[in-house]
Amino acid sequence: MDRSLSKEEKQDLLAWVDKISFSRPKRNITRDFSDGVMIAEIIKHFFPKIVDLHNYSASCKTQQKLSNWSFLNKRVFPKLDMDVPEEIVKKIVTSTTGAIVPVLSVLKEKIEEKLQYYDTRSQEKPFSGTI
């Protein structure tokens, strides 16, 4: 999550995020994702059974934001083989500019990997043997 994205990669990432319907309008990416609710909504969009949105409260309070992120790290991210280190969570919660972008990038990669895995498993392999 330390890798910086090129301008094109960042634009692609933001376009991907824009395709998702959220419970509230996106205004400022740094603040919008600080409480973790919109991260939960992204995951819910692709994997509805992994996330229960009632476990996350939109908040401006640091303690609730940390609680939401802690819940994501303990219950949701492991299902995507992902973890957001505590120091990055603190930067996100305090709305540090640019802190959320690498996390969104990793999340996108993990979601795409899982979707690819499920697509591959669900396709029938053509018959290649002889009788």
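The values are calculated or read from the model by the stated rules, or taken from the named source; none is laboratory data. Because the structure is predicted, anything quoted here is derived from the model rather than measured. Because the Cβ atoms are built from the backbone with ideal geometry, glycine has one as well, and the counts that use them run over all protein chains shown.
Values as computed for the structure displayed
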| quantity | calculated |
| --- | --- |
| D12 on the phi > 0 side of the Ramachandran plot and among the acidic types (D, E) | no |
| Pairs with Cβ under 7 Å, 6+ apart, first in region 85-114 and surrounded by 15 or more Cβ atoms within 10 Å (Cβ to Cβ), second assigned to a loop (DSSP other than H, G, I, E, B) and small (G, A, S) | I88/A99; K91/A99; I92/S34; I92/A99; V93/S34; S95/S34 |
| Conditions (1) assigned to a helix (DSSP H, G or I); (2) more than 29 Å from D119 (Cα to Cα); (3) modelled with pLDDT under 95; number of the one not met by K10 | (2) |
| Hits in region 28-46 - residues which are outside any helix (DSSP H, G or I) and touching a helix residue (DSSP H, G or I) at 6+ places or on another chain (Cβ under 7 Å) | F33, S34, D35, G36 |
| Index of the failed condition, K65 passing every other in (1) surrounded by 12 or more Cβ atoms within 10 Å (Cβ to Cβ); (2) in contact with a helix residue (DSSP H, G or I) (Cβ under 9 Å, 6 or more places away or on another chain); (3) without any contact (Cβ under 8 Å) to a residue 60 or more places away in the chain; (4) closer than 30 Å to D119 by Cβ | (4) |
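Yes/no per residue for (1) among the aromatic types (F, W, Y); (2) touching a residue at least 12 places away in the same chain (Cβ under 8 Å); (3) exposed (fewer than 10 other Cβ atoms within 10 Å of the Cβ); (4) closer than 19 Å to T96 by Cα:
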site	(1), (2), (3), (4)
W16	yes, yes, no, no
S21	no, yes, yes, no
R24	no, yes, no, no
I29	no, yes, no, yes
F33	yes, yes, no, yes
V37	no, yes, no, yes
A40	no, yes, no, no
V51	no, yes, no, no
